[in-house]
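K.L.:
Sharing a structure, written as structure tokens. Questions coming.
The values are calculated or read from the model by the stated rules, or taken from the named source; none is laboratory data. This structure is a prediction, so every number in the text was calculated from the model and none was measured. No Cβ is skipped: glycine too gets one built from the backbone with ideal geometry, and neighbour counts run over all protein chains shown. All accessible areas refer to the heavy atoms of the entire protein, side chains included, with ligands and DNA or RNA removed. Shrake-Rupley method; radii C 1.70, N 1.55, O 1.52, S 1.80 Å.
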Amino acid sequence: MKLVSYNIQYGFGGDGRYDLSRAAGIVAGADIIALQEVERHWQRSNFDDQPELLSRLLPGYHWVYGPAFDMDASERRDGRLVNRRRQFGTMVLSKLPIVWSRLHALPMRRTLRPLNTRNAALECMIRTPAGPVRVLSLHLAHIAVEERLEQIDYLMAEHRRAPSDGGPWSGVDDEPVRNWTSGEAEPENSLAAIWMGDFNMEPGSAEYHRIVGSSPYHRGAAYLDGFVDAAAVAGEPVPDFHTHVKTIDGKVARRRLDHCFVGGMLAGRVRSISADIGEVASDHFPLRVDIDLETPGFAP
């Protein structure tokens, strides 16, 4: 399956032009799409409902939107209150049905300066031919290592207890007349997971090792309840593999801030990883992952 993760910078390209259709055109065709920095009803983006617009630009996809924060943007028109929310968050689109989803509001440290914003991880359970997989589109804090470590610790704890927590509901419906289950079996909450998004961290950082561990003698070592970097187990990416370019202290920095981490049981299924280096539809480059989710059965 073809997966893509893309921080679309709310539709603004590296050239400063707002054009949501450019970003949609880039990710179109992938089987599972994880987007970050998607917003609703902001003045800077013409008060557009971007999730709705993206769903029209990308027909044929199931989709879920998860706002990291939600602010009042209501207005009165002809004396009538129009309720409207200004939101900013992440999105997942999938050619396969998204069985259930939930939003994780990540830990946040209040700042005096600079501006800090709430971050979130949108979790979607997708039944693939290989088995149920929890796909997360996430965006970690951009300021401090310590804040990102707290967010990763939160997500790792949620990940490891997922099978025992269960999904949206569990057990036997003792009030069938209320039809809680719509006749469906209990939804899965598999340990198999894929994290994609803008992590605001580079390979080798403290945050990176908090996710994959430190294994200098076994590159790509995989624990059953842990994660591996898709780039560490795929065919070698190009030497200049990066997803973001920024001038810092007068020097051009090429950094890999966007990542895909796969659960240990999926490590052997990653086929390739790449980035559309030079793409100008955002200030980040799309990250593409080819992974075998067609062959039935995970190998624990």
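K.L.:
Filter the GluC sites (Glu not before Pro) in the stretch 165-225 to those in DSSP coil with at most 12 other Cβ atoms within 10 Å of their Cβ, and list the result. Write down the numbers at each step before the final one.
P.N.:
Values: sites: Glu184, Glu188, Glu207; in loops: Glu184, Glu188.
Answer by residue number: Glu184.
K.L.:
Given the chain, what percent of its DSSP beta bridges are antiparallel, to the nearest 5? Numbers along the way, then the final one.
P.N.:
Details: 61 of 72 bridges.
Counting DSSP beta bridges with both partners in the chain, the antiparallel share is about 85 percent.
K.L.:
Taking 0.36 nm per residue of sequence separation and subtracting the Cα-Cα distance, how much length would be gained by fully extending the chain between Ser214 and Trp180, in nm to one decimal?
P.N.:
Values: separation 34, 0.36 × 34 = 12.24 nm, distance 4.45 nm.
Value of the extension gain: 7.8 nm.
K.L.:
Something else: Which whole-number value in Å³ per residue fits the convex hull of the alpha carbons of the stretch 238-300? Show your work: numbers first, answer last.
P.N.:
Details: hull volume 6.3 nm³, N = 63.
Each residue corresponds to 100 Å³ of Cα convex hull volume.
K.L.:
Show me the ranking of peptides 7-13, 161-167 by mean Cβ neighbours inside 10 Å, starting with the highest.
P.N.:
Details: 7-13: 22.0, 161-167: 13.7.
Highest to lowest by the protection proxy: 7-13, 161-167.
K.L.:
Sticking with this structure for a sec: Would you please calculate the Kirkwood hydrodynamic radius of the stretch 92-143 over all C-alpha pairs and express it in Å, rounded to one decimal? Before the final figure, lay out each step's value.
P.N.:
Values: mean 1/r = 0.0785 Å⁻¹.
Hydrodynamic radius (Kirkwood, Cα pairs) of the stretch 92-143 is 12.7 Å.
K.L.:
Just to confirm the filter: which trypsin sites (Lys or Arg not before Pro) across the stretch 1-37 are DSSP coil and have at most 13 other Cβ within 10 angstrom of their Cβ? Before the final figure, lay out the partial values.
P.N.:
Numbers: sites: Lys2, Arg17, Arg22; in loops: Arg17.
Hits after loop and neighbour filter: Arg17.
K.L.:
I would also like to ask the following. Give me the percent of accessible area attributable to carbon and sulfur for the chain, probe 1.4 angstrom.
P.N.:
Details: 7310 of 14440 Å².
Accessible surface attributable to carbon and sulfur in the chain totals 51 percent.
K.L.:
How large is log10 I(q)/I(0) at q = 0.09, 0.12, 0.13 Å⁻¹ when the Debye formula is applied to the Cα atoms of the chain, each weighted equally and without solvent?
P.N.:
The calculated log intensity ratios at q = 0.09, 0.12, 0.13 Å⁻¹ are -0.45, -0.80, -0.94.
K.L.:
Farthest toward the dipole's positive end in the chain, which of Val228, Val27, Pro187, given Cβ charges of +1 (Lys, Arg) and -1 (Asp, Glu) about the Cα centre?
P.N.:
Comparing the listed Cα positions along the dipole, Val27 ranks first.
K.L.:
Per the Kirkwood definition applied to all pairs of different Cα atoms, how many angstroms is the hydrodynamic radius of the stretch 13-85?
P.N.:
14.0
K.L.:
Could you tell me, in Å, what Rg and Dmax come out for the Cα atoms of the stretch 1-145?
P.N.:
16.1, 54
K.L.:
Which aspartates and glutamates have a Cα lying under 17 Å from the Cα of Lys246, excluding residues fewer than 8 positions away in the same chain?
P.N.:
Filter leaves Asp15, Asp198, Glu202, Asp258, Asp276, Glu279, Asp283.
K.L.:
Give me the distance in nm between label points sitting 7 Å out from Cα along the Cα-to-Cβ direction at Arg110 and Asp165, one decimal.
P.N.:
Output for this residue pair reads 2.6 nm.
K.L.:
Which number do you get for Rg(Cα) / (2.2 N^0.38 Å) in the stretch 137-225? Show your work: numbers first, answer last.
P.N.:
On the way: Rg = 17.8 Å, N = 89, 2.2 N^0.38 = 12.1 Å.
Taking N as the residue count of the stretch 137-225, the ratio is 1.47.
K.L.:
For the chain, set up a Gaussian network in which alpha carbons nearer than 10 Å are linked by springs, and say which option among Phe261, Phe88, Phe69 fluctuates the most.
P.N.:
Judging by the Gaussian network model, the answer is Phe69.
K.L.:
Modelling each spin label as a point 7 Å along the Cα-to-Cβ direction, I'd like the Ala157/Arg254 distance in nm, to one decimal.
P.N.:
Between Ala157 and Arg254, the label points sit 4.0 nm apart.
K.L.:
Then there is this: Report, by chain and number, residues whose modeled amide H sits under 5 Å from the one on Ala193, excluding near sequence neighbours (fewer than 5 apart, same chain).
P.N.:
When sequence neighbours closer than 5 places are left aside, the close amide H contacts are Arg134, Gly263.
K.L.:
Sticking with this one: Explain nothing, just the number: relative contact order of the chain, from Cα pairs under 8 Å at least 6 residues apart, as a whole percent. Intermediate values should be presented prior to the final figure.
P.N.:
Numbers: 681 pairs, mean separation 59.6, N = 300.
It comes to 20 percent, rounded to a whole number.
K.L.:
A further question on this structure: Keeping all protein chains in place, calculate the accessible area per residue for the chain (probe 1.4 angstrom), answer in Å².
P.N.:
Numbers: 14440 Å² over 300 residues.
For the chain, the solvent-accessible area averages 48 Å² per residue.
K.L.:
Next up: Going by amide H atoms built from the backbone, whose H comes under 5 Å of the H on Thr128, apart from near neighbours?
P.N.:
Those qualifying (amide H under 5 Å, at least 5 residues apart or on another chain) are Val133.
K.L.:
Students sometimes get this wrong: rank Tyr6, Tyr154 by accessible area, probe 1.4 Å, all chains present, largest first. Could you put the intermediate results ahead of the total?
P.N.:
On the way: Tyr6 0, Tyr154 75 Å².
Ranking Tyr6, Tyr154 by accessible area, largest first, yields Tyr154, Tyr6.
K.L.:
Evaluate E = 1/(1 + (r/R0)^6) for Glu294 and Ala28, where r is the Cβ-Cβ distance and R0 equals 22 Å; express this FRET efficiency to the nearest 0.05.
P.N.:
Numbers: r = 20 Å, r/R0 = 0.92.
According to the calculation, E is roughly 0.60.
K.L.:
Taking a probe of 1.4 angstrom, what is the accessible area of Lys246 in Å², to the nearest 10?
P.N.:
110
K.L.:
Let me check the size of the stretch 180-300 from its C-alpha atoms; what are the radius of gyration and Dmax in Å?
P.N.:
Spelled out, the Cα radius of gyration and Dmax of the stretch 180-300 are 16.7, 61 Å.
K.L.:
Treating only the Cβ atoms of Lys and Arg (+1) and Asp and Glu (-1) as charged, compute the dipole magnitude of the stretch 66-179 about its Cα centre; round to the nearest 20 debye.
P.N.:
On the way: 18 positive and 14 negative charges, 105 e Å.
Roughly 500 debye, rounded to the nearest 20.
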